[in-house]
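Shown next, in structure tokens, is the structure this report addresses.
Values quoted throughout were computed directly from the atomic coordinates according to the rules given, and no laboratory measurement underlies them. No experiment lies behind these values; they were computed from the predicted model shown. Note that we place each Cβ from the backbone using ideal geometry, even for glycine, and neighbour counts take in every protein chain shown.
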Amino acid sequence: MTMIEEIDYGTQAQSATRLVTLEVDGNPITVPEGTSIMRASMEAGIKIPKLCATDTLNSFGSCRMCLVEIEGRAGTPASCTTPVAPGMKVHTASDNVRRLRRGVMELYISDHPLDCLTCSANGNCELQDTAGEVGLRDVRYGQSGANHLDAPTDGSNPYFDFDASKCIVCSRCVRACEEVQGTFALTVEGRGFASKIAAGMNEPFLTSECVSCGACVQACPTATLMEKSVIELGQPEHSIVTTCAYCGVGCSFKAEMRGDRVVRMVPWKDGKANHGHSCVKGRFAWGYASHPDRILKPMVRAKTTDPWKEVSWDEAIGHVASEFKRIQAKAGKDAIGVITSSRCTNEETYLVQKLARAAFGNNNTDTCARVCHSPTGYGLGKTFGTSAGTQNFDSVEQADVIVVIGANPTDGHPVFASRMKKRLREGAKLIVIDPRRIDLVRTPHVEAAFHLPLRPGTNVAVMTSLAHVIVTENLIDADFVRERCELDAFSDWAAFVAEPRHSPEALESTTGVPADLLRGAARLYATGGNGAIYYGLGVTEHSQGSTTVMAIANLAMATGNIGREGVGVNPLRGQNNVQGSCDMGSFPHELPGYRHVSGDAVRSIYEREWGVPLSAEPGLRIPNMFDAAIDGSFLGLYVQGEDILQSDPDTHHVSKGLAAMECVVVHDLFLNETANYAHVFLPGSTFLEKDGTFTNAERRINMVRRVMAPKAGKADWETTMAISNAMGYPMNYTHPREIMAEIARTTPSFAGVTYERLGRESVQWPCNDANPDGSPIMHVEKFQRGLGHFVITEYVPTDEKVGPRFPLLLTTGRALSQYNVGAQTRRTANVVWHPEDMLEIHPQDAEDRGIRDGDWVRLASRAGDTSLRAVVTERVAPGVVYTTFHHPVTQANVITTDYSDWATNCPEYKVTAVQVAPSNGISQWQEDYRDLSENARRIEAAPAK
Amino acid sequence: MSPDKLAYMANQIGRFFVSQKSEDGVASIAEHLTKFWDPRMRRDFLAHLDEIALDPIVRQAAERLRKP
């Protein structure tokens, strides 16, 4: 194993089709028009010294290190900012430019510490390398003149230092923050010799607007911006490309290692989802993998009130199998089930659903997508024919109008948000449909053309009203509809949405959206060029979540915004492998590839492959499992890599369901909240400890590569195999590639997927004979179902209504620095940005209740109550409050109710009627839960040897 | 499972399909319950048909499912 070296071409690649041939140091080279001399030279294998240039940023031309001579032209232009021209003859190493470069380098080094041997960048310093390339041998000016050698170090950020004494003010960090991340948190303060890099208003990085994405650290050519982990551990000695285990963007990273220790995670430039960018979670928040809270030994206990007892793997697995068999013998084969993990690999997820179907003999398998994007599966399946986003992420670069509905990409999908913001800075228009004024509504150099601040729970009314404007103002793409869609269904739909009761004016009092804003947004989407819709859980987590997804699909079909670059309908998936867990047959009604279990032909494929008869009846969905447990017909559950107690709605109901089960098996990294009710704990493995694949929100199948041995001795797929074998159903895979081979054999959309292929490059499904190169864009010539199907979307108000007892509406979401239930990110330094869940409340609502910023408040609904501190802000509208669900001490889901989507039972997290009142600290329930939790986590001391 | 909760869920499903002009609402509701509800849910639902409040179209779908 060695370090993966990525070539830095100095400037960005050009996509022009017209080619230009020039000569560099006597070597002919042909490149696209617009290419810089620097890049053309590098492509010819000739590296021109540089400091301020790097190929992830626009050319800048400030360091004067890349000077060249061009025959017939005066002077020595910078090669990074000078484009090639036909017949140009360039000299990169003439005596003149060598002398000039050496002189410039002398000036740099005269104001740079000469501590290379003890510098954290030693061995990986572009300044050091460049000094070597220009042949610097002495510095005539010495170091006794005016300098910055005593400039202080800002160590406020938990992940990197800013050592100003080493800064050469090349502006790469400033430009990375602007061009790549789009936050504009950094600037060059002062002029001339007094120039220096400043964060925010010349404040510490930690308190500035910096979002710690790491782009500046990556761009820095010296040790000025350096990871604290490198300062502590030294430079890495080998690296392995893998895929981030946080959100659904699926960023590729180089895990840079020293032995079996991760030194740092560096975004991989060739990663097709992230193109070398990262966020604070993937880049820095991997310390949970070695956190002391990790449980590395299997444990069992007879009752959940007993302390845990550490046992061998054999004993734990044997206990699981024995209990599950006992329960099935007593209560029937349908009395046990599984929950697959959207944090685990495709191969692991496939095995868990196979365990349920082949070893347990039922379809009681579900996944966390139940509580996030199951309506996407139903809605896009019904309208387009399959459950997946239609575009690749690159498509956003061709979008003219971007519609963000019920999503907060800068927090939930930050790397994609940066690309979105870049496109918006280039001139694309933005429509935000969200009850909150999310950051995208107004952020540096980006301002939404329309923000529709709808009342929570009125998505369908708003979508249908948008359609009303498009139909009644004759903004339909008639050719697209005629050629690509079912015309009868379209006619029914068009007549429905055209009814006056769906006009923006008629619905204004329902939705809270001013009619003129809604009309403007509809016209912009329909007529503004390529219209691309991106949506999140603000769409799906409603009693009409599936209906809203179909309403979105209707809009895209009606305006012809499907089937080409720059358009489409794109669900932003929450967890890293939500798409994959759905693809792999995690749902209780579908085998892998979204094929219903009642299909004889489909079942026969798996019956042949697995050698057992399969049930043709759907199994229990997660909320139904709890109901069935309370009723006594569901008594055993294997949960891999999910914390359903903290993440699922109506905590009281979930805990009651779990408490009613006789054998709960939690397979996880930590003793999570669900484990409070578990009888067996099986230690899990992090993404760093196993091979496999994740599928991101653009259907891209990315390789996950093991960079260290599993700390608990087994990768998760091995643990599932052990359970299956102990249950009497043999599974004997020796590597996840064999599992993927089985997936490809049995699932048509994965038929062309192999590890050999994925090892060369990622691919987007469908990948098969019909789509041998994968499918960056779906539904190009026809929909997956043939003709697109319009669905009538009658608005049915939720039954969760405000009233005198609960007059406010609570909606929930996520923070940038935390991930899902926080099990991983709470065990990293990310807690400095989000140490607790807070309740956002409008100043008017706060004033009415005597609540001041920072006060403790009691948040109550008909389901339960909790206490947390308030943030008084106009980010939420009057009548609406908002919080996150990252911290178990708050347990926001003790508030949410059991209302759910009509089609899928996806919970209605986004609408809960609540009351907020001043409080003097945590509630009695929180105190009781804390006691229960501490008691449930006791581990019996191992006997002395 | 609670018959009232199952009735509530079934009525939710009914309210979607009743508005679909191009579909046979009764058949679609019955199909949805068959495709997405675990057999024990259907069994409990059908066992309490006489006790629960159902929208007319949902009751028709349920009666269709109850037939052997």
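Observations on the structure shown:
- Listed peptides A:210-216, B:17-23, A:581-587 appear in the order A:581-587, A:210-216, B:17-23 once ranked by packing, highest mean of other Cβ atoms within 10 Å at the front.
- Radius 13 Å from Cβ of residue A:727, net charge of other residues (Lys, Arg +1; Asp, Glu -1): +4
- Here the calculated FRET efficiency for residue A:612 and residue A:745, from their Cβ-Cβ distance with R0 = 25 Å, stands at 0.90, rounded to the nearest 0.05.
- At 1.002 mPa s and 20 °C, Stokes diffusion of segment A:6-118 via Kirkwood alpha-carbon radius, µm² per second: 148 µm²/s
- Spatial separation of Cα centroids for segment A:913-945 and segment A:478-517, in angstrom: 50 Å
- A protection proxy built from the mean count of other Cβ atoms within 10 Å ranks the segments A:795-808, A:680-693, most packed first, as A:680-693, A:795-808.
- Within-10-Å neighbourhood charge of residue A:890 [Cβ basis; K, R +1; D, E -1]: -1
- Around the Cα centre of segment A:374-571, unit charges on the Cβ atoms of Lys, Arg, Asp and Glu (plus for the first two, minus for the last two) sum to a dipole of about 480 debye.
- Assigned charges on the beta-carbon of Lys, Arg, Asp, Glu; segment A:788-886 dipole about Cα centre (debye): 340 debye
- Across peptide B:35-48, the average count of Cβ atoms from other chains found within 10 Å of a residue's Cβ is 5.
- Over the protein assembly as shown: helical MRE at 222 nm, DSSP H runs n ≥ 4 each giving -39500 (n - 2.57), nearest 500: -9000 deg cm²/dmol
- Summed side-chain charge close to residue A:196 - residues other than residue A:196 whose Cβ falls under 15 Å, Lys, Arg +1, Asp, Glu -1: -3
- Put simply, the Cα atoms of segment A:616-671 extend 33, 27, 20 Å along their principal axes, the longest span coming first.
- Around the amide H of residue A:868, modelled in the peptide plane, lie the amide H atoms of A:857, A:859, all under 5 Å away and 5 or more residues distant in sequence or on another chain.
- Global geometry of segment A:719-834, whether rounded, prolate or oblate, following the gyration tensor of its Cα atoms and the 1.5 cut on a/c: oblate
- The alpha carbons of segment A:124-180 give a radius of gyration and a Dmax of 14.3, 39 Å, in that order.
- Overall, the protein assembly as shown carries a charge dipole of about 820 debye about its Cα centre when +1 sits on the Cβ of Lys and Arg and -1 on the Cβ of Asp and Glu, all other atoms neutral.
- Volume of the Cα convex hull of segment A:374-571, divided per residue and given in Å³: 103 Å³
- Label-to-label distance for residue A:501 and residue A:770 is 4.0 nm, based on points extended 7 Å past Cα in the beta-carbon direction.
- The protein assembly as shown: C-alpha gyration tensor shape, a/c 1.5 cut-off, then a/b vs b/c: prolate
- Counted residue by residue at 0.36 nm each, then reduced by the alpha carbon distance between them, the extension gain from residue A:523 to residue A:150 reaches 128.5 nm.
- Tensor-based shape of segment B:3-66 (alpha-carbon gyration tensor, a/c under 1.5 rounded, otherwise prolate or oblate): prolate
- Virtual paramagnetic centre 7 Å along Cα→Cβ of residue A:140, amide N under 13 Å, in segment A:83-105: A:99-105
- Remark: mean inter-chain Cβ contacts per residue of A:791-797 equal 4, using a 10 Å Cβ-Cβ cutoff to other protein chain atoms.
- Length released on extending from residue A:799 to residue A:232, taking residue separation times 0.36 nm less the Cα-Cα span: 198.6 nm
- All C-alpha to C-alpha distances of segment A:290-354, sorted into 5 Å bins beginning at zero, yield P(r) values of 3, 14, 14, 20, 26, 17, 5, 1, 0 percent in whole numbers.
- At R0 = 22 Å, FRET efficiency that the Cβ-Cβ distance of residue A:925 and residue A:331 yields, to 0.05: 0.10
- Residue A:479-residue A:290 pseudo-label distance in nm [points 7 Å out on the Cα-to-Cβ vector]: 6.0 nm
- Across chain A, Cα pairs under 8 Å and at least six residues apart give a relative contact order of 13 percent.
- Our coupling estimate for segment A:736-744, obtained by passing each phi through the Karplus curve with A = 6.51, B = -1.76, C = 1.60 and θ = phi - 60°, is x, 5, 6, 5, 4, 4, 5, 4, 5 Hz, Gly and Pro reported as x.
- Peptide A:490-496, shielding by other chains (average Cβ, 10 Å cutoff): 2
- For segment A:508-636, Kirkwood radius (reciprocal of mean inverse C-alpha pair distance, Å): 18.3 Å
- Derived scalar couplings ³J(HN,Hα) [segment A:557-566; Karplus, 6.51 cos²θ - 1.76 cosθ + 1.60; whole Hz; x for Gly, Pro]: 5, 4, 9, x, 8, 8, x, 8, 5, x
- Fraction of beta bridges assigned by DSSP in the protein assembly as shown that are antiparallel (%, nearest 5): 55 percent
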